[in-house]
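See structure below.
The values are calculated or read from the model by the stated rules, or taken from the named source; none is laboratory data. Note that the structure is predicted; figures quoted are calculated from it, not measured. Note that each Cβ is placed from the backbone with ideal geometry, even for glycine, and that neighbours are counted across all protein chains shown.
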Amino acid sequence: MKTHLLPEYIVERDNARCNKCKICIEQCTYQVHYYKSDEDSVGSRDQNCVNCQRCVVFCPRKAITIRKNPNFYRENHHWTNEAIIAIKKQAENGSVILAGMGCDKPNLTYWDKLLLNASQVTNPSIDPLREPIEIRTYLGKKPQQLEFEFNGEDIVLETELAPQLCLETPILFAAMSYGAVNLNVHEALAKAATECGTCFNCGEGGLHSSLYKYGDHIIVQVASGRFGVSPEYLSVGAAIEIKIGQGAKPGIGGHLPGEKVNEDIAKTRMIPVGADALSPAPHHDIYSIEDLKQLIYTLKEATNYTKPIAVKIAAVHNVAAIASGIARSGADILVIDGVRGATGAAPKIIRDNVGIPIELALASVDKRLRDEGVRNEVSIVVSGSIRNSADVVKAIALGADAVYIGTAALIAMGCTLCQKCYTGKCPWGITTTDPAISKRLDPQEASRRVVNLVNAWSSEIKEMLGGMGINAIESLRGNREQLRGVGLNETELKVLGVKHVGD
């Protein structure tokens, strides 16, 4: 069948600059570039290009430019080019269209419509270079009150505290499973988490034994497939997360193709080499909050009640009611992943149309838990395309305790968001298990880049807190008076619980 699809990108080569070194051929995993021996020149297969920019970066003569194909279908506000291309693709291959990373629709980002406050005359700002500003965060169940006993000069805490996860910054690294990304990525994130005093979530693919030494800074995940779950795995982590859903594909299971399951991944996941790793959509032992509670306490029992237990859900229409049940089920941490949450592979139609933005979900959940008097029963962590330190601060002002970052960490390592993670051919050596391509990512350098990012964001968070006259991040949590909305309608402002600018 002859394809009707046009190349999405055009590869332009300046032949006056090109010295035919063939580096672009070596660097491209999609076989875009090829050598034409009869002409002694390098050619391009435009239809293969995904615009990852690898060849552009590594071309020593800067001879390559990639631009979007200027040819497009007749403009139509309903039958957009995206819609037409999707139909043509499915008419040719009859399959579900997959997409990597998160939803990229322009109308689902509310962070940019929220503005932060700043101190002026009556409430002076704080200089973070000369005065301490506390951004350390504790995740876990908090008591309603603390009881102390005074024994002479000593003060003894009588209240028994639940296990807490101590973070030096309110930024964690989101779940990315071993297999979806390679061991170099996991190692880089584990090292970065250790250096930054935070935690990395290893995802549902288990944890490679070489990373057990970073256990104090790793959150281990228990998902529906139970891949890699063992008493040793549960014991090594600083916390345990039960994954119910994720923002990129709420209500959908996971699938790691068998061709990505090499010997190491198979051993870690406890499945045969080359076998498809299929995660069911539901946990087949969880069909109610009562069932969830049983699993939570099973995991607490298995780890002698020493680790906080998190429950991760996708942001959906009734997320506040679900969160209320989870807060009462014994969970210590609630993780909410919004509609823009990323993943290695998701049906594009699900990714772009199922779920709700994290900003609205967070505000609804925080309000509901406060109204019911159980907000202290569970910490809230949010994820779903946190792009910068301002997003972090706004999330905390809306009620979060901390945030997960995934895509931002991968971009720091080198990802250019070409959204072809599911092919397993990532030119930057991130979302691939091919040994030769994986070597392109040096875990030491990648870790340093991620550490630099977190350190920069943490400094900016302190700057913003100081500008608001707040010396501890605890005082910002749920403080929506520090936010104002712009360009939002009355319903959106009501759900977010913020006033309009000028009010």
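Within the range 331-356, how many residues turn out to be β-branched (Val, Ile, Thr) and either crowded, with 24+ Cβ neighbours inside 10 Å or without any contact (Cβ under 8 Å) to a residue 24 or more places away in the chain (or both)? Spell out how you get there, then give the answer.
Our first condition is that a residue be β-branched (Val, Ile, Thr); within the range 331-356, this holds for 333, 335-336, 339, 343, 349-350, 354, 356.
If we keep only those that are either crowded, with 24+ Cβ neighbours inside 10 Å or without any contact (Cβ under 8 Å) to a residue 24 or more places away in the chain (or both) as well, we get 333, 335-336, 339, 343.
Residues that pass the stated criteria total 5.
Report, by residue number, each residue of the range 309-332 that is in a loop (DSSP other than H, G, I, E, B) and either under 22 Å from Ala174 (Cβ atoms) or not assigned by TED's automatic domain parsing to the domain that holds Val261 (or both). Even if it seems obvious, please write down each step before you answer.
Our first condition is that a residue be in a loop (DSSP other than H, G, I, E, B); within the range 309-332, this holds for 315-318, 328-332.
Within the range 309-332, Ala315, Val316, Ala331, Asp332 meet the criteria.
For residues in the range 1-23 being of a type in the set (D, E, K, R) and closer than 16 Å to Ala63 by Cβ, which is nearest to the chain's Cα centre (by Cα)? Talk me through it step by step, then tell me what you get.
Our first condition is that a residue be of a type in the set (D, E, K, R); within the range 1-23, this holds for 2, 8, 12-14, 17, 20, 22.
Narrowing further to those that are closer than 16 Å to Ala63 by Cβ: 12-14, 17, 20, 22.
Details: Glu12: 34, Arg13: 36, Asp14: 38, Arg17: 40, Lys20: 40, Lys22: 36 Å.
Only one residue tops the list, namely Glu12.
Considering only residues that are of a type in the set (A, V, I, L, M) and touching a strand residue (DSSP E or B) at 6+ places or on another chain (Cβ under 7 Å), which ones fall in the range 26-50? Walk me through it before giving the result.
Going through the range 26-50, the residues of a type in the set (A, V, I, L, M) turn out to be 32, 42, 50.
Correct list: Val32, Val42.
Has the range 236-258 got at least one residue that is among the polar types (S, T, N, Q), over 23 Å from Ala323 (Cα atoms) and in the same structural domain as Ala314 (by TED's automatic domain parsing)? Explain how you work it out, then say what you get.
Going through the range 236-258, the residues among the polar types (S, T, N, Q) turn out to be 246.
Next, only the ones that are over 23 Å from Ala323 (Cα atoms) stay: none.
No, the range 236-258 contains no residue that is among the polar types (S, T, N, Q), over 23 Å from Ala323 (Cα atoms) and in the same structural domain as Ala314 (by TED's automatic domain parsing).
Does the range 418-433 include one or more residues that are outside the structural domain of Val32 (by TED's automatic domain parsing), assigned to a helix (DSSP H, G or I) and at pLDDT 95 or above? So that I can check it myself, show each step before the final result.
The first filter runs over the range 418-433 and keeps only residues outside the structural domain of Val32 (by TED's automatic domain parsing), leaving 418-433.
Among the residues that remain, those that are also assigned to a helix (DSSP H, G or I) are: 421-423.
Right, trim to at pLDDT 95 or above and you get none.
Checking the range 418-433: not a single residue is outside the structural domain of Val32 (by TED's automatic domain parsing), assigned to a helix (DSSP H, G or I) and at pLDDT 95 or above.
Can you pull out every residue in the range 446-503 that is in a helix (DSSP H, G or I), over 23 Å from Ile171 (Cβ atoms) and among the basic types (Lys, Arg)?
Kept after step one, since they are in a helix (DSSP H, G or I), are these residues of the range 446-503: 446-468, 473-475, 480-482, 490-496.
From what is left, the residues that are over 23 Å from Ile171 (Cβ atoms) are 481, 490-495.
Hit for the range 446-503 is Lys494, nothing else.
Within the range 97-111, track down each residue that is over 24 Å from Gly469 (Cβ atoms) and either out of contact with any strand residue (DSSP E or B) (no Cβ under 9 Å at 6 or more places or on another chain) or part of a loop (DSSP other than H, G, I, E, B) (or both). Working first, answer last.
Quick first cut of the range 97-111, residues over 24 Å from Gly469 (Cβ atoms) only: 97-110.
Selection gives Ile97, Gly100, Met101, Gly102, Cys103, Asp104, Lys105, Pro106, Asn107, Leu108, Thr109, Tyr110.
Taking the stated definitions as given, is Thr65 surrounded by 11 or more Cβ atoms within 10 Å (Cβ to Cβ), touching a residue at least 40 places away in the same chain (Cβ under 8 Å), polar (S, T, N, Q) and more than 30 Å from Glu460 (Cβ to Cβ)? Don't jump to the end; show me each part of the working.
Working: surrounded by 11 or more Cβ atoms within 10 Å (Cβ to Cβ): yes; touching a residue at least 40 places away in the same chain (Cβ under 8 Å): yes; polar (S, T, N, Q): yes; more than 30 Å from Glu460 (Cβ to Cβ): yes.
Considered against the rule, which asks whether it is surrounded by 11 or more Cβ atoms within 10 Å (Cβ to Cβ), touching a residue at least 40 places away in the same chain (Cβ under 8 Å), polar (S, T, N, Q) and more than 30 Å from Glu460 (Cβ to Cβ), Thr65 comes out as yes.
Being touching a residue at least 40 places away in the same chain (Cβ under 8 Å) and over 19 Å from Met176 (Cα atoms) is true for just one of Leu256, Leu299. Which residue is that? Give the steps one after another, and end with the answer.
Values: Leu256 fails: over 19 Å from Met176 (Cα atoms).
That would be Leu299, the only listed residue that is touching a residue at least 40 places away in the same chain (Cβ under 8 Å) and over 19 Å from Met176 (Cα atoms).
Quick one: would you say Thr306 is in the same structural domain as His208 (by TED's automatic domain parsing), assigned to a helix (DSSP H, G or I) and β-branched (Val, Ile, Thr)?
no
Name every residue in the range 105-139 that is under 18 Å from Pro170 (Cβ atoms) and among the acidic types (Asp, Glu), in order of residue number.
The answer is Glu134, and nothing else.
Which residues, counting only those in the range 400-417, are within 14 Å of the chain's Cα centre (by Cα) and in a loop (DSSP other than H, G, I, E, B)?
Gly406, Cys415, Leu417
Just for strands (runs of 3 or more DSSP E) wholly inside the range 193-273: which have at least 1 residues that are at pLDDT 95 or above and buried (at least 24 other Cβ atoms within 10 Å of the Cβ)? Break it down into steps so the answer makes sense when it comes.
On the way: elements: 218-222, 239-243, 254-256.
Fully inside the range 193-273 and qualifying: 218-222, 239-243.
Please state which one of Ala363, Ala409 is farther than 30 Å from Gly94 by Cα and in contact with a Leu (Cβ under 6 Å, 6 or more places away or on another chain). Give the steps one after another, and end with the answer.
Values: Ala409 fails: in contact with a Leu (Cβ under 6 Å, 6 or more places away or on another chain).
Answer to the check: Ala363.
Kindly check whether there is at least one residue in the range 375-384 that is part of a loop (DSSP other than H, G, I, E, B), buried (at least 19 other Cβ atoms within 10 Å of the Cβ) and of a type in the set (Ser, Thr, Tyr).
Checked against the condition, which is being part of a loop (DSSP other than H, G, I, E, B), buried (at least 19 other Cβ atoms within 10 Å of the Cβ) and of a type in the set (Ser, Thr, Tyr), the range 375-384 yields no hits at all.
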